[in-house]
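Worksheet for the structure shown next.
The values are calculated or read from the model by the stated rules, or taken from the named source; none is laboratory data. Values in this document were obtained by computation on a predicted structure and should not be read as measured data. Cβ coordinates were reconstructed from backbone atoms using ideal geometry, including for glycine residues, and neighbour counts include every protein chain displayed.
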Amino acid sequence: MAEEYPHYIEFRHVYKTFDRPILVDTNFYIDSGQTVAIIGRSGVGKSVSLGHIMGFLKPDKGRVIVAHEDITDFGEEELNRIRRKVTMVFQNGALFDSLTVAENILFSLELRDDYNAENRDDVVDGLLKMVGISEAKDEYPADLSTGYRRAIAIARALAAEPQCILYDEPTTMVDPIMSDHLTLLMLRLKKQLRLTSVVVTHDLDLMHRVADSVVFLNKGQIAYFGPPAGLYESDNPDIQEFLELDKVIRAVPGASGFQSGFGGSVKEL
């Protein structure tokens, strides 16, 4: 199978239309252990691309390869098998507010075939330590900040021992310190666990720090696919406008929409 589909994830001439064309003849790939950032303006198909990788959406035309398998025509049972290898960290965290942080992670842990109740506390503690939020173990997600909920969602994703993690805007609406924490965490997971990653983001600093390759989506099509440094050498006017707008946003205090209220306690982080 790997010989036929050498890339871990690949879009082959993918088309998707809702009320308008969202993806038009989209082609890109991600090799095992690599991180690809998908960037572009709002509404250009970044989250739609993640939906296709997870099998939540089907292309109108084209093929979607995930975990070296063509999942385009897979049914739900086959997709669930793929989702044990590929997991997603949603922008809102998708946590259970009625469960503590530890119980949220345990929920994912119990879905594993090799689940061992005897060492569950050690595994939960280890995952919380890995993402740097051990002190939040007995808190409830609703009492925590956006940044902490994202870190919890990453810990819960890791409990499934995936091969690949998809991140949907991981640093949006978090303060600069927590943004840096999440970025360093993603880098550590990439280097230590060799996880394949896809990052949908508007954060160009995050892109530079974690991505091996960049997909720039524009008007339904891929305007650029290659190393991050090459993005700045593109003569595409839409890419240059996007990069210039990012400079303007960074220059305006408060324009990035960081969550306020950073402080010393877990609830304020």
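Collect the residues in the stretch 181-196 that are more than 14 Å from Met207 (Cβ to Cβ) and surrounded by fewer than 19 Cβ atoms within 10 Å (Cβ to Cβ), keeping them in residue-number order.
Residues satisfying the conditions are Leu184, Arg188, Lys191, Gln192, Leu193, Arg194.
Restricting to the stretch 170-229, give me the number of residues that are of a type in the set (A, V, I, L, M), assigned to a strand (DSSP E or B) and touching a Lys or Arg at 6+ places or on another chain (Cβ under 9 Å).
3
Go through the residues of the stretch 80-94 one by one and say whether even a single one is over 18 Å from the mean Cα position of the chain (by Cα), touching a residue at least 40 places away in the same chain (Cβ under 8 Å), surrounded by 17 or more Cβ atoms within 10 Å (Cβ to Cβ) and within 17 Å of Ala153 (Cβ to Cβ).
no
Could you figure out which of (1) touching a helix residue (DSSP H, G or I) at 6+ places or on another chain (Cβ under 6 Å); (2) surrounded by 18 or more Cβ atoms within 10 Å (Cβ to Cβ) isn't true of Arg209?
The failed condition is (2).
Assuming Pro21 fulfils every condition listed in (1) under 22 Å from Ser213 (Cβ atoms); (2) over 19 Å from the mean Cα position of the chain (by Cα); (3) not acidic (Asp, Glu) apart from one, which condition is it?
Result: Pro21 passes all but (1).
Which of the numbered conditions does Gly33 fail, given that it passes all the others? Conditions: (1) crowded, with 19+ Cβ neighbours inside 10 Å; (2) within 28 Å of Leu193 (Cβ to Cβ).
(1)
Filter the stretch 163-180 for residues that are surrounded by fewer than 21 Cβ atoms within 10 Å (Cβ to Cβ) and over 15 Å from Gln91 (Cα atoms); which is modelled with the highest pLDDT?
Selected residue: Gln163.
Tell me yes or no: at least one residue of the stretch 136-147 is surrounded by fewer than 17 Cβ atoms within 10 Å (Cβ to Cβ), modelled with pLDDT of 85 or more and in contact with an Asp or Glu (Cβ under 7 Å, 6 or more places away or on another chain).
yes
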